[in-house]
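Read the figures in this text as sums done on the coordinates, not as results from a lab. Keep in mind it's a predicted model, so treat the numbers as computed, not measured. Heads up, the Cβs are rebuilt from the backbone with ideal geometry, glycines too, and the neighbour counts pull from every protein chain shown.
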Amino acid sequence: MTEPQWIAVATEADLFEGAGIAVRPIDDEIAIYKTEAGEVFATDNLCSHDGHGRLCDGFLEGHEIECPLHQGRFDIRSGDATMAPCVEAIRSYPAKVEDGKVWLKLVV
Ligand code: FES
């Protein structure tokens, strides 16, 4: 099995505090979030509820992202569902900012 590796997927300047952006370094779209405290996290971009909500368009409060479609929520640190109608976790990915770039640890 291929080991995950750090991949640069965006620049730090692409991020907005308190919101997410979408990137597609692999087949599935990934949302990258910057919290108001300046931390960076990454999860699947598609909501696990009906697979159409794009979390990059949702509302980020603390470490919770609210899906724009039916207002379910996930913890962006773990991908765990924290509010109905979301019950199934989404994937989360190791993320860091280094040299002005946003890096995700992925299997590519
Ligand atoms: Fe996200 Fe329904 S699609 S809560």
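Summary table
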read-out	value
Hits among aspartates and glutamates - C-alpha to C-alpha of K96 under 13 Å, sequence gap 8 or more where chains match	E12, E39
Extension gain (nm, one decimal) between D14 and V87, 0.36 nm per residue minus Cα-Cα	23.3 nm
Size of electric dipole in the chain: Cβ of Lys, Arg +1 and of Asp, Glu -1, about Cα centre, debye, nearest 20	160
Mean separation of Cα contacts under 8 Å (6+ apart) over length of region 7-96, as relative contact order %	22
Calculated FRET efficiency for the pair L69/Q5, C-beta based, R₀ 35 Å, to 0.05	0.60
Signed unit charges on C-beta, dipole axis of the chain, positive-most listed residue A84, L15, Q71	L15
